[in-house]
Amino acid sequence: MTLLQAILIAIIQGATEQFPISSLGHAAIVPAILHWSVDLHGEMFLPLLVMLHLGTCVALLIFFWRDWVALFTGATGRYGAICQMDSIRILALLIVATIPAVLIGGLFEHAIRSLFGTARYAAVFLALNGVMLLIVDRMRESLLPESDRPLASLGFGEALVIGLFQCLAFFPGLSRSGACIAGGLLRGLSHENSARFAFLMAQPVILAATVLEALKLRHAPPLPGQMHVAAIAAVVAAVVALVCTGLLMRYFHDHEDWALRPFGWYCIGAGSLAFLYLS
């Protein structure tokens, strides 16, 4: 992979990992449309994949560091008993919500991506991702028009449901952030709180995936040139992810009534056109 190709993949990763439009789907579709001879599942791509995930995770940690400090400081009781209970509950909810991804991902992720990892399948699932976003936004508008629950009011069963939604992202083309936000909306959270919960619970998942991928490098040590390209791509991915996270959180704050619809229509259009092109 050339440096230019790596930077383009990094920009796509940084933007689509945050926006509810599937980073994995775009990573499969774009190289196929551009006719790149790149094996996204090969050992040569692994160092870049590790560094891209690391860059994305660092961007999320930078953006949400105040949230983590507030949660852990609140859990110590520094701001009173009520804040302590809420902080501990939110941390526990985040742990519960990550359980499905750990269990299902460990058992079935490789099989799912082996079966559905082609660009054509990714295009189909990208269009279905758009359908999901539109349906959930409409359901939320009709069933829960005034709901804006605080995160601490979620039950553990509800956190588990949101975690199960996250597992849809094992299908390339279905967005992890989009699925988590959809799950939060159906439990009465606002778009902004759904996104906040999704991004907070994404960080340990992405970090764990990065560590697992990095361990594979023991069997295929990267060349110095590969790591140089991967490091540059990681910085690009981190910067793009940081900017896009800020834009998305502000967008959700200002467009509560119809926030997912532009992303839904984009996914349907992009997925459908990509499928027709690749057929």
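Which one of these does L247 not meet: (1) surrounded by 14 or more Cβ atoms within 10 Å (Cβ to Cβ); (2) of a type in the set (A, V, I, L, M, F, W, C); (3) within 24 Å of M132 (Cβ to Cβ)?
(1)
Hey, I95 hits all of (1) open to solvent by 60 Å² or more (accessible area, probe 1.4 Å); (2) touching a helix residue (DSSP H, G or I) at 6+ places or on another chain (Cβ under 6 Å) but one; which does it fall short on?
All conditions pass for I95, except number (2).
Could you grab me the full set of residues in segment 188-230 that are among the small types (G, A, S), part of a helix (DSSP H, G or I) and surrounded by 15 or more Cβ atoms within 10 Å (Cβ to Cβ)?
Scanning segment 188-230 gives S194, A195, A198, A202, A208, A209, A214, A230.
When segment 167-178 is examined, which residues are found to be open to solvent by 10 Å² or more (accessible area, probe 1.4 Å) and touching a Pro at 6+ places or on another chain (Cβ under 8 Å)?
C167, the sole residue that qualifies.
Might you let me know whether segment 1-12 holds any residue that is assigned to a loop (DSSP other than H, G, I, E, B) and modelled with pLDDT under 90?
Yes: one or more hits.
Out of the residues in segment 252-267 that are within 19 Å of R196 (Cα to Cα) and assigned to a helix (DSSP H, G or I), which is most open to solvent (accessible area, probe 1.4 Å)?
H253
Given the criterion assigned to a helix (DSSP H, G or I), surrounded by 22 or more Cβ atoms within 10 Å (Cβ to Cβ), in contact with a Ser or Thr (Cβ under 6 Å, 6 or more places away or on another chain) and touching a residue at least 24 places away in the same chain (Cβ under 8 Å), identify the matching residue among I162, I181.
That would be I181, the only listed residue that is assigned to a helix (DSSP H, G or I), surrounded by 22 or more Cβ atoms within 10 Å (Cβ to Cβ), in contact with a Ser or Thr (Cβ under 6 Å, 6 or more places away or on another chain) and touching a residue at least 24 places away in the same chain (Cβ under 8 Å).
Does D137 fit the bill of being exposed (fewer than 15 other Cβ atoms within 10 Å of the Cβ) and closer than 20 Å to R261 by Cα?
no
The values are calculated or read from the model by the stated rules, or taken from the named source; none is laboratory data. Treat the numbers as computed from the prediction; the structure is a model and nothing was measured. We place every Cβ from the backbone using ideal geometry, glycine too, and count neighbours over all the protein chains shown. Areas reflect the complete protein model, heavy atoms only, side chains present, ligands, DNA and RNA absent. Shrake-Rupley method; radii C 1.70, N 1.55, O 1.52, S 1.80 Å.
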